[in-house]
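Colleague: One structure follows; several queries about it will come next.
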Amino acid sequence: MKSSVTRKTPTRRWSRPWLPAVGFYLIILVLAAASFVFVLGLSTAADERSEWLTAGLVAACVIIAGIALREVILRSVRERRLADRIRLDRNLRHSALIKSEREASKFTLEKNTAALENIRKKSDAANLFGRISAGHREVFELCDEYRGIVAKEMPNVRPNSPRLPAFAKGSAVAGKLHHHHMLRWAEIETRSFTDEAQEAETAIAKAGFAQRAKAAIDFALSYYPNDRALRESAEVLDEIIVSLNGSDANKAKPNGEAVLGIESVEPGSVSTIKTKAGGKKKRKI
């Protein structure tokens, strides 16, 4: 048994019916004529001329009122349609603007390739001028920025999009370069501050430079807390800072005791802490 399927035709919404100008004016003339005859029939005045004049004035008033009513209605319709058109144009412009902004902010494959190429160039330049810490800092900051953009873009990437493997590969490259240049920056900064500490004349000044070196190590540890070289360097610097702060009150004495100093502290190098005249404590990092 076949089931009968009733198909519902979509109901079309029509705008309000409105008479064309010819039809409307014809109705007004008919109403004016009817008013003329009606007033003429009701009139009881003795003067026939005044009866015709009154009926004519009433008919003219009907015609004028009809024309005025039509103009008011048409003006209202025009204003409403104009407002609807303006609102539609505004919505279309807003939709186009949102679409263009999304397209402009989309991290495309071309942008991904350009960003990675820029990072590689900066990395090569930083390695070429290896003793300049600012170059290494710029590279790991660019890597941070790249990984942030990729992490923000990943929820919008479809599973079968070619951007997905490109972003995964780019994140891996940026992660390796970030680790390398972060450690190089921490090493150069620590070496610079410990060298300045050697030139300092007082324990307070030495402790200040040691604390600045420790701050660089702590910054690197905030990204790589499990890095062995960074952790051991932080421990050595902590010992140096504590010793320098403790020796501030015990300046050089005539019995031959020397003020605590620093030779070098940096990730992956040897740090030497002077204790007393005649002995040194060395720690391999």
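The values are calculated or read from the model by the stated rules, or taken from the named source; none is laboratory data. Keep in mind it's a predicted model, so treat the numbers as computed, not measured. A quick note on method: Cβ atoms are made from the backbone with ideal geometry, for glycine too, and the neighbour counts reach across all protein chains shown.
Colleague: Select, from LEU42, LEU29, the only residue that is of a type in the set (A, V, I, L, M), at pLDDT 70 or above and more than 27 Å from VAL72 (Cα to Cα).
Modeller: LEU42
Colleague: Select from the stretch 103-125 the residues that are touching a residue at least 24 places away in the same chain (Cβ under 8 Å), buried (at least 17 other Cβ atoms within 10 Å of the Cβ) and closer than 16 Å to VAL173 by Cα and list them in ascending order.
Modeller: Matches in the stretch 103-125: ASN112, ALA115, LEU116, ILE119, SER123.
Colleague: Only one of (1) outside any helix (DSSP H, G or I); (2) without any contact (Cβ under 8 Å) to a residue 24 or more places away in the chain; (3) surrounded by 11 or more Cβ atoms within 10 Å (Cβ to Cβ); (4) of a type outside the set (Ser, Thr, Tyr) is not met by GLU141, so which one is it?
Modeller: Status for GLU141: all satisfied but (1).
Colleague: Next question. Quick check on my filter: what residues within the stretch 144-161 are at pLDDT 90 or above and either small (Gly, Ala, Ser) or not in a helix (DSSP H, G or I) (or both)?
Modeller: Of everything in the stretch 144-161, those that are at pLDDT 90 or above and either small (Gly, Ala, Ser) or not in a helix (DSSP H, G or I) (or both) turn out to be GLY148, ALA151.
Colleague: Taking the stretch 172-196 only, how many residues are of a type in the set (A, V, I, L, M) and within 17 Å of ALA229 (Cα to Cα)?
Modeller: 4
Colleague: If you don't mind, another one. Do you know which of the residues in the stretch 181-199 that are in contact (Cβ under 8 Å) with a residue 24 or more places away in the chain and over 16 Å from ALA134 (Cβ atoms) is farthest from the chain's Cα centre (by Cα)?
Modeller: Result: GLN198.
Colleague: Somewhere in the stretch 179-198, is a residue part of a loop (DSSP other than H, G, I, E, B) and hydroxyl-bearing (Ser, Thr, Tyr)?
Modeller: Checked the stretch 179-198: no residue is part of a loop (DSSP other than H, G, I, E, B) and hydroxyl-bearing (Ser, Thr, Tyr).
Colleague: Same structure, new question: Among the residues of the stretch 145-185, write down those that are over 16 Å from ASN118 (Cα atoms) and among the hydroxyl-bearing types (Ser, Thr, Tyr).
Modeller: Within the stretch 145-185, SER161 is the sole residue that qualifies.
Colleague: Can you find a residue that is surrounded by fewer than 21 Cβ atoms within 10 Å (Cβ to Cβ), among the polar types (S, T, N, Q) and farther than 17 Å from SER133 by Cα anywhere in the stretch 204-222?
Modeller: yes
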